[in-house]
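**Q** Take a look at this one; I'll ask things after.
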Amino acid sequence: MATLQTTCVLILACGNTLRGDDGIGPWLANWVEQQFASQPAIRVIARQQWTPDLAQDIAHSESVLFIDCSIESPPGYARLIRVEPSKQTEGLATHHQGASQLLRTTQDLYGYQPAKAAILTVGAGSTELGETFSEPVQNAIPLACALLESTILEWSQ
């Protein structure tokens, strides 16, 4: 049986690159991969949605940084907030899980929680079909990249 190597910082991005601003997660994940390509302790996974199988990757990570767009935040509003495991799982979801549900799944299946967990969200202006970002999201990219960079550097020390 192969053992998984521990990752210092796991980046889990979510979003659909064909749905306008929903693609900001994968775009930022690609940016992180380019910025930190020489650091093997930083691992990036980008998907259209988070699924329960990601709990294994979380269980082998010292910290996890989720990235997603937010339809609840004002367009272009970038923020980084701490994530805690959800209170209780009501059966294992098979389609999509949020960050707190993934942390709960990790705790339930592996008895482990990363030392640090946060989510970076950028408020979506449009999730209509298309491969370009709205102006508010385009304007938020420098701040989102700065938040990612400073968090990754701090967590990987």
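The values are calculated or read from the model by the stated rules, or taken from the named source; none is laboratory data. The shown structure was predicted, so the numbers you read here are calculated from the model rather than taken from an experiment. FYI the Cβ positions are ideal-geometry reconstructions off the backbone, even for glycines, and counts take in every protein chain you see.
**Q** Take region 107-131 and flag every residue that is in contact with a helix residue (DSSP H, G or I) (Cβ under 7 Å, 6 or more places away or on another chain), polar (S, T, N, Q) and at pLDDT 95 or above.
**A** Within region 107-131, no residue meets the criteria.
**Q** Right, here's the next one. Just the residues that are under 20 Å from Ser150 (Cβ atoms), surrounded by 18 or more Cβ atoms within 10 Å (Cβ to Cβ) and of a type outside the set (Val, Ile, Thr), please, taken from region 18-51.
**A** Within region 18-51, Gly25, Trp27, Leu28, Ala29, Trp31, Phe36, Arg43 meet the criteria.
**Q** Further question: Can you tell which of Ser61, Ser38 is under 15 Å from the mean Cα position of the chain (by Cα) and polar (S, T, N, Q)?
**A** That would be Ser61, the only listed residue that is under 15 Å from the mean Cα position of the chain (by Cα) and polar (S, T, N, Q).
**Q** In region 104-121, what residues are among the aliphatic types (A, V, I, L, M) and within 12 Å of His60 (Cα to Cα)?
**A** Listed by number, the list holds a single entry, Ala115.
**Q** I'd like the full set of residues that are hydrophobic (A, V, I, L, M, F, W, C), in contact with a strand residue (DSSP E or B) (Cβ under 7 Å, 6 or more places away or on another chain) and farther than 30 Å from Glu135 by Cβ, limited to region 1-41.
**A** Cys8, Val9, Leu10, Ala41
**Q** Small (Gly, Ala, Ser) and touching a residue at least 40 places away in the same chain (Cβ under 8 Å): does that describe Gly111?
**A** no
**Q** Here is a follow-up. Could you list, in sequence order, the residues of region 36-55 that are charged (D, E, K, R) and farther than 16 Å from Pro26 by Cβ?
**A** Filtering region 36-55 down to residues charged (D, E, K, R) leaves 43, 47, 53.
Result: Asp53, single match.
**Q** Of all residues in region 43-66, count the ones that are closer than 18 Å to Phe133 by Cα and in contact with a Ser or Thr (Cβ under 8 Å, 6 or more places away or on another chain).
**A** So the count comes out to 0.
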